[in-house]
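Asker: To start, I am sharing the structure in question, which I have written as structure tokens.
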Amino acid sequence: MPYSNQRSRFFITLTVGIILTLGSVLAIQIAKGYRPNLKQMSLNGMGLLSSTSYPKSAQVFVNDRLSSVTDDTLYLNPGTYQVKIIKNGYNTWSKTIPVKAEIVSITDARLFPAIPSSNPLTFYKIDSPLISPDGSKIIYLQTNSPFDTDNGLYVMSFSNTIIGDQVTQVSDLASFDYSKTEFLWSPDSSQILALSNDGKKVISARLLNPKILNTTKNLVDQTIRLPLILNQWRDQVDKIHQNRIKDFPDFITKIASSSSAFTYFSPDTEKILYSPTIDQELPDNDIGKNLLYLNPTKQARSLNKGKTYIFDRKEVTNYLIDVDNPINQPKTKTDEQLTQFYLLKRLLDPISTQNLSWFSDSNHILIRSDSGVNVIDYDGLNNVSLTSSILKNRFALSTPDGNRLIVLSNLNQKTDLYNLISLNLK
């Protein structure tokens with residue numbers, strides 16, 4: 001009798017152990033995305049689709065069927081799906097997503113409002129706006145104010161706090177006539193070079209402190225020191241470029257340094273916008289083959305001269321931005337200092353030299369024209385219009401937090417009266 005009890009306890013313990021083991025294995029497989037198929041008496045591998053968006057609570061359509069809302073994860077059979085993320089009042093985001101067993105596919109959609117609300121930042125005639133290299137502020141010339149003392153140079157520092165943007169007058173028109181002056185921020189955004197010229201040679205050069213009102217006694221003519229200033233700033237630009245490009249693969253470093261018409265780093269310095277000057281081939285993406293998830297958008301590994309591309313350092317992917325992007329070449333100058341000035345301006349100020357510039361989140365590109373602004377994903381998809389208002393000098397930029405688009409437009413004003421307008425992108 002004792003032997004029979006021991007044997008019963010043994011079988012009970014063994015049975016419980018087997019059940020627990022099988023349950024654990026089943027739980028692990030379900031966590032990996034496997035689901036039981038009762039007809040075939042098997043576990044089928046499923047893929048996971050993680051859908052996120054900004055703003056949140058957008059509807060997720062998979063193959064045109066409402067399937068969920070962001071932010072959520074869906075279990076799907078392996079295959080290719082057309083995913084759309086839709087929210088009332090915003091432009092639709094869509095992408096073809098391959099789903100693989102046990103792999104999480106990601107849709108991280110930034111939704112932009114179909115009709116952004118707007119409010120003016122300035123109220124009189126604005127000229128020569130220039131964004132700082134760090135993207136945190138702009139300098140602009142204000143004229144046509146009913147109060148003469150209010151006309152002059154201003155620096156607007158963007159803020160996402162309750163205090164709002166800070167505006168500092170850095171010079172008045174009584175101190176100096178800026179009507180024929182061009183501006184250039186220093187690479188570290190700590191100084192502004194105001195340079196006057198007649199198209200052939202430098203007439204005067206002054207350094208401005210963007211934090212204070214620069215009085216007449218502070219506006220010392222720097223023309224004699226101009227070559228030294230420009231050389232120092234060029235050295236700073238080269239050093240910044242070298243520090244940023246060193247983490248990129250050698251093949252893209254070579255292109256960006258020696259065979260590209262321009263190279264602009266994304267705000268997070270993980271991507272570059274560039275245009276090769278010769279046709280060439282990029283090597284296969286061996287790193288991407290080993291990643292669990294890789295952006296499925298078709299890459300461009302064959303580069304064509306004059307086209308515009310974006311290279312992503314993290315995934316070693318390369319995408320064609322198939323939009324017209326003519327480069328405004330500076331006119332030939334007879335003065336060596338003017339030539340150097342315009343070369344630096346081209347390196348530090350993409351807005352004045354081409355139609356494309358980075359959006360502040362590093363995942364989008366602004367496409368600027370005289371008649372409006374579009375925004376496009378960094379892989380060339382989801383091209384949507386942000387505004388169709390007339391822009392002066394194609395000036396448009398996103399604030400550092402990405403919540404606003406600042407444009408120079410004559411919205412609801414006279415045709416020759418342009419002001420800085422803020423468009424709400426939240």
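The values are calculated or read from the model by the stated rules, or taken from the named source; none is laboratory data. Remember, it's a predicted structure, so these values are computed and weren't measured experimentally. No Cβ is skipped: glycine too gets one built from the backbone with ideal geometry, and neighbour counts run over all protein chains shown. Accessible surface is based on the protein model in full, side chains and every heavy atom, while ligands, DNA and RNA are left aside. Shrake-Rupley method; radii C 1.70, N 1.55, O 1.52, S 1.80 Å.
Asker: For the condition open to solvent by 80 Å² or more (accessible area, probe 1.4 Å), modelled with pLDDT of 95 or more and more than 21 Å from residue 171 (Cα to Cα), what is the one hit in 279, 284?
Answerer: 279
Asker: Hey, can you tell me all the residues within the range 135-145 that are within 23 Å of the chain's Cα centre (by Cα) and surrounded by fewer than 16 Cβ atoms within 10 Å (Cβ to Cβ)?
Answerer: 136
Asker: Could you please find all residues in the range 68-92 being farther than 18 Å from residue 384 by Cβ and surrounded by 17 or more Cβ atoms within 10 Å (Cβ to Cβ)?
Answerer: Scanning the range 68-92 gives 74, 76, 81.
Yes/no matrix, rows are residues, columns are (1) more than 16 Å from the chain's Cα centre (by Cα); (2) not charged (D, E, K, R):
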{"position": "252", "(1), (2)": "yes, yes"}
{"position": "281", "(1), (2)": "yes, no"}
{"position": "310", "(1), (2)": "no, yes"}
{"position": "316", "(1), (2)": "yes, yes"}
{"position": "342", "(1), (2)": "yes, yes"}
{"position": "349", "(1), (2)": "no, no"}
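Asker: Going by the structure shown, is residue 71 at pLDDT below 95 and within 25 Å of the chain's Cα centre (by Cα)?
Answerer: In short, yes.
Asker: Going residue by residue through the range 385-393, is there one that turns out to be within 26 Å of residue 222 (Cβ to Cβ), modelled with pLDDT under 95 and hydrophobic (A, V, I, L, M, F, W, C)?
Answerer: No: zero hits.
Asker: Can you find a residue that is under 28 Å from residue 399 (Cβ atoms), among the polar types (S, T, N, Q) and surrounded by fewer than 16 Cβ atoms within 10 Å (Cβ to Cβ) anywhere in the range 248-264?
Answerer: Looking through the range 248-264, none of the residues is under 28 Å from residue 399 (Cβ atoms), among the polar types (S, T, N, Q) and surrounded by fewer than 16 Cβ atoms within 10 Å (Cβ to Cβ).
Asker: Look through 132, 53 and report the one residue that is surrounded by 15 or more Cβ atoms within 10 Å (Cβ to Cβ) and under 30 Å from residue 209 (Cα atoms).
Answerer: After ruling out the rest, the residue left standing is 132.
Asker: Pull up the range 328-360, narrow it to residues that are surrounded by fewer than 15 Cβ atoms within 10 Å (Cβ to Cβ) and at pLDDT below 80, then point me to the one that is nearest to residue 228 (Cα to Cα).
Answerer: Among residues in the range 328-360 that are surrounded by fewer than 15 Cβ atoms within 10 Å (Cβ to Cβ) and at pLDDT below 80, the one nearest to residue 228 (Cα to Cα) is 334.
Asker: Separate question: Residue by residue through the range 367-424, note down the ones that are among the small types (Gly, Ala, Ser) and either buried (at least 19 other Cβ atoms within 10 Å of the Cβ) or in contact with a Cys (Cβ under 6 Å, 6 or more places away or on another chain) (or both).
Answerer: Listed by number, the residues that qualify are 380, 396, 398, 402, 409, 422.
Asker: Just checking, does the range 282-293 include any residue being part of a strand (DSSP E or B), farther than 30 Å from residue 153 by Cα and aliphatic (A, V, I, L, M)?
Answerer: The answer is no; no qualifying residue exists.
Asker: Additional query: Test of understanding: among 360, 409, which residue is of a type in the set (Gly, Ala, Ser) and in contact (Cβ under 8 Å) with a residue 24 or more places away in the chain?
Answerer: Just one listed residue meets the conditions, 360.
Asker: Out of 222, 232, 242, report the one residue that is surrounded by 15 or more Cβ atoms within 10 Å (Cβ to Cβ) and polar (S, T, N, Q).
Answerer: 222
Asker: Same structure, new question: What residue, among those in the range 300-319 that are assigned to a loop (DSSP other than H, G, I, E, B) and open to solvent by 50 Å² or more (accessible area, probe 1.4 Å), is nearest to residue 356 (Cα to Cα)?
Answerer: Step by step, filter the range 300-319, then rank; the result is 307.
Asker: On to the next question. So residue 172 passes all but one of these: (1) without any contact (Cβ under 8 Å) to a residue 40 or more places away in the chain; (2) of a type outside the set (A, V, I, L, M); (3) in contact with a helix residue (DSSP H, G or I) (Cβ under 8 Å, 6 or more places away or on another chain). Which condition number does it fail?
Answerer: (1)
Asker: Being touching a Pro at 6+ places or on another chain (Cβ under 8 Å) and in contact (Cβ under 8 Å) with a residue 12 or more places away in the chain is the requirement here; does residue 426 meet it?
Answerer: It is true that residue 426 is touching a Pro at 6+ places or on another chain (Cβ under 8 Å) and in contact (Cβ under 8 Å) with a residue 12 or more places away in the chain.
Asker: For the range 102-140, what are the residues that are part of a loop (DSSP other than H, G, I, E, B), under 14 Å from residue 421 (Cα atoms) and out of contact with any Phe, Trp or Tyr (no Cβ under 8 Å at 6 or more places or on another chain)?
Answerer: Once the filter is applied, which keeps residues that are part of a loop (DSSP other than H, G, I, E, B), under 14 Å from residue 421 (Cα atoms) and out of contact with any Phe, Trp or Tyr (no Cβ under 8 Å at 6 or more places or on another chain), the range 102-140 yields 116, 117, 121, 123, 124.
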